[in-house]
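Quick notes on the structure that follows.
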Amino acid sequence: MIPKDHLKLTREELHDLVWAKPMTQVAKDFQISDRALAKICARKQVPVPPRGYWAKKSAGKNVPKPSETRSPLLPSNLYFIIALLMIQLRN
């Protein structure tokens, strides 16, 4: 059972979130740092917008969004947990 202070997301759902708005805003919604969110994306092989993506988009430029690529190492229906109150990333 997942504790109430955790959220269950698929890779596809996380991909949609980080491409819908800046990672700083997504991280703030989950009450974690943007760096912690970036590490989660890297570990789960979720592509994130490149530097300058949101500036170009806000300037009205057409910036293509890549499709969510399937990782051969991770099943597409893999769920993972994000702690809403605090997340500790350890290597």
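The values are calculated or read from the model by the stated rules, or taken from the named source; none is laboratory data. Since the structure is predicted, the reported quantities are computational estimates derived from the model, not experimental observations. Glycine gets a Cβ as well: all are built from the backbone with ideal geometry, and neighbour counts include every protein chain shown.
Among the basic types (Lys, Arg) and modelled with pLDDT under 85: does that describe LYS4? Criteria met by LYS4.
Would you be able to tell me the number of residues in the range 32-65 that are closer than 19 Å to ASP16 by Cβ, in a helix (DSSP H, G or I), of a type in the set (A, V, I, L, M) and over 18 Å from the mean Cα position of the chain (by Cα)? The number of residues fulfilling the criteria is 0.
Taking the condition in a loop (DSSP other than H, G, I, E, B), at pLDDT 85 or above and either among the acidic types (Asp, Glu) or more than 13 Å from VAL18 (Cβ to Cβ) (or both), does ASN91 pass? Spelling it out, it is not the case that ASN91 is in a loop (DSSP other than H, G, I, E, B), at pLDDT 85 or above and either among the acidic types (Asp, Glu) or more than 13 Å from VAL18 (Cβ to Cβ) (or both). Could you please find all residues in the range 13-47 being surrounded by 15 or more Cβ atoms within 10 Å (Cβ to Cβ) and among the β-branched types (Val, Ile, Thr)? VAL18, VAL26, ILE32, ILE40, VAL46, listed by residue number.
Here the range 8-30 is the region considered, the condition is being under 13 Å from ILE40 (Cβ atoms), in a helix (DSSP H, G or I) and touching a residue at least 24 places away in the same chain (Cβ under 8 Å), and the residue that is farthest from the chain's Cα centre (by Cα) is PHE30.
Residue-level check: of (1) of a type outside the set (A, V, I, L, M, F, W, C); (2) more than 20 Å from LYS65 (Cα to Cα); (3) modelled with pLDDT under 90, GLU13 misses just (2). Note on the range 16-61: residues that are modelled with pLDDT of 90 or more and either in contact with a Gly (Cβ under 9 Å, 6 or more places away or on another chain) or on the phi > 0 side of the Ramachandran plot (or both) total 2.
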